1. Hey, if you put +1 on the Cβ of every Lys and Arg and -1 on every Asp and Glu Cβ in the chain, which of Pro364, Gly309, Ala197 ends up farthest toward the positive end of that dipole?
2. Given a 1.4 Å probe, how much area per residue of the range 137-243 is accessible, in Å²?
3. In debye to the nearest 20, how big a dipole does the range 45-133 give about its Cα centre with +1 on each Lys and Arg Cβ and -1 on each Asp and Glu Cβ?
4. Please give me, ordered by residue number, the chymotrypsin sites (Phe, Trp or Tyr not before Pro) of the range 212-316 that lie in loop per DSSP and have at most 13 other Cβ atoms within 10 Å.
5. Positive end of the charge dipole of the chain (Lys, Arg +1 and Asp, Glu -1 on Cβ, about the Cα centre): tell me which of Gln282, Val116, His267 has its Cα farthest that way.
6. Keeping all protein chains in the complex and leaving out DNA, RNA and ligands, what accessible area do you get for His175 with a 1.4 Å probe, in Å² to the nearest 10?
7. How many angstrom lie between the C-alpha centres of the range 235-287 and the range 379-395?
8. Per residue, what accessible area does the range 268-324 have, given a 1.4 Å probe and all protein chains present, in Å²?
Amino acid sequence: MTTPAATGGANMPSEARPSPGGDSTDAAPIPLSVPELGGNEAEYLQECVETEWVSSAGPFVDRFEREFAERLGVDGAVATVNGTAALHLALRVAGVGADDEVIVPALTFIAPANAVRYVGAWPVFVDVEPEHFQLDVEAVRRFLEEACRSTDEGPVHRETGRHVAAVLPVHLLGHPVEMDGLLELAEEHGLAVIEDATQSLGARHRGRPAGTLGDVACFSFNGNKLITTGGGGMLVADREEWRERARYLSTQAKDDPVEYVHREIGHNYRLSNVHAALGCAQLERVDEHVAAKRRIARRYGEAFRGVPGVRPMGEAPWADSVFWLYTILLDDDIAGGSSRPLMEHLRRRDVESRPLWQPLNRSPAHEASRRPCPVAEELARRALSLPCSVGLEADDQRRVIEAVEDFVAGRGTNGAAAARGSAAGEG
Ligand SMILES: *Cc1c(COP(=O)(O)O)cnc(C)c1O
């Protein structure tokens, strides 16, 4: 079974999903995370067709940018074809270039590390902290103070001789990174701060929205994100010049709209009016989506607090998490601390779940950037994300909880052998 929902993949509605088979129940499969499109989506799409505004300009694009910026309390926003494109543009406007290095957490979906490579720079993977899985600010400090020497142009990584230009915190799974310490370090070392807030629209750090704390921030509206446009992204930045430059680069860096003169290499990264129409409808319901995610997290939290060996997902005292993808952590005495046997056990009950991402310090795609990040590796082994669609019904959630409880009651011995064979190819 492929489980695309928690990565950058598309989503199928649950009705269209192939049954995972096995000794499944009669009940409908419970997907990991699927979109909720019950608002004005159809009406706005119809309007695009009737007005023939379907391409990469139009009233919904302007409106989506304006309303998104208002919601975050920032001056402006630039819509993009997806979150990865927004990250690419963010790195360019921040001035990150060939042979620079950018600090990226070892535990994240791969998009930010790939975007760093698009500009010819290199990711430096720094470990995450075990409590909330976020970039470990103390580990960033150690890297800057122990592995770098400071120069007039900023820190230089001793081992590679490369200039460290930026830090790219990813607010992972709906929870913000501890930004106070990180912003201080960035200031001290002259690093640009590029926030990847793609998983954390609606989250707050000491009351301030994730995505408004650094120099530039990126959001995603992929099918499984808190709100979706099918595919889409957004870049926000305080500095107007940066937003204007991002907009310019996103439209093939066109300098003369009549003669088609281009002074530099740009991209075709603008969001279409059709996608933005979905975005406007989704944005109207973002508070409901956040409330649903938090309600789901509360129910799981209450249930799992009584289950030995299962650590529910938490929230730092200074954070308002949106619990974008609800993720538990298994102790060593449950199936040896591997989440894959539980994944297999859930699959047999038609409940979709999936581990977190392969830690990037282990990724064959980023072989050149290997360095030890033991916490990320441990979390990737023990963590499992559970169904948490905005529309998840209480009864279905109860089924998920009971399946986890059953597994733990058997100490994970039932599915363990079967899972050992199948887990290798996934994740
Ligand atoms: C979803 C995601 C992105 C980018 O998303 P797109 O699929 O390109 O819209 C970037 N970073 C992280 C951490 C993500 O989860």
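The values are calculated or read from the model by the stated rules, or taken from the named source; none is laboratory data. Treat the numbers as computed from the prediction; the structure is a model and nothing was measured. Counting neighbours? That spans all protein chains shown, and the Cβs are built from the backbone with ideal geometry, glycine included. Heavy atoms of the whole protein, side chains included, go into the accessibility calculation; ligands, DNA and RNA do not. Shrake-Rupley method; radii C 1.70, N 1.55, O 1.52, S 1.80 Å.
1. Gly309
2. Values: 3750 Å² over 107 residues.
With all protein chains present, the range 137-243 gives 35 Å² per residue.
3. Numbers: 5 positive and 14 negative charges, 38 e Å.
Computed charge dipole of the range 45-133: roughly 180 debye.
4. Working: sites: Phe219, Phe221, Trp242, Tyr248, Tyr260, Tyr269, Tyr300, Phe304; in loops: Phe221, Tyr260, Tyr269.
Hits after loop and neighbour filter: Tyr260.
5. Farthest along the dipole direction, towards plus: Val116.
6. The accessible area of His175 comes to roughly 10 Å².
7. 33 Å
8. Working: 2260 Å² over 57 residues.
Heavy-atom accessible area per residue stands at 40 Å².
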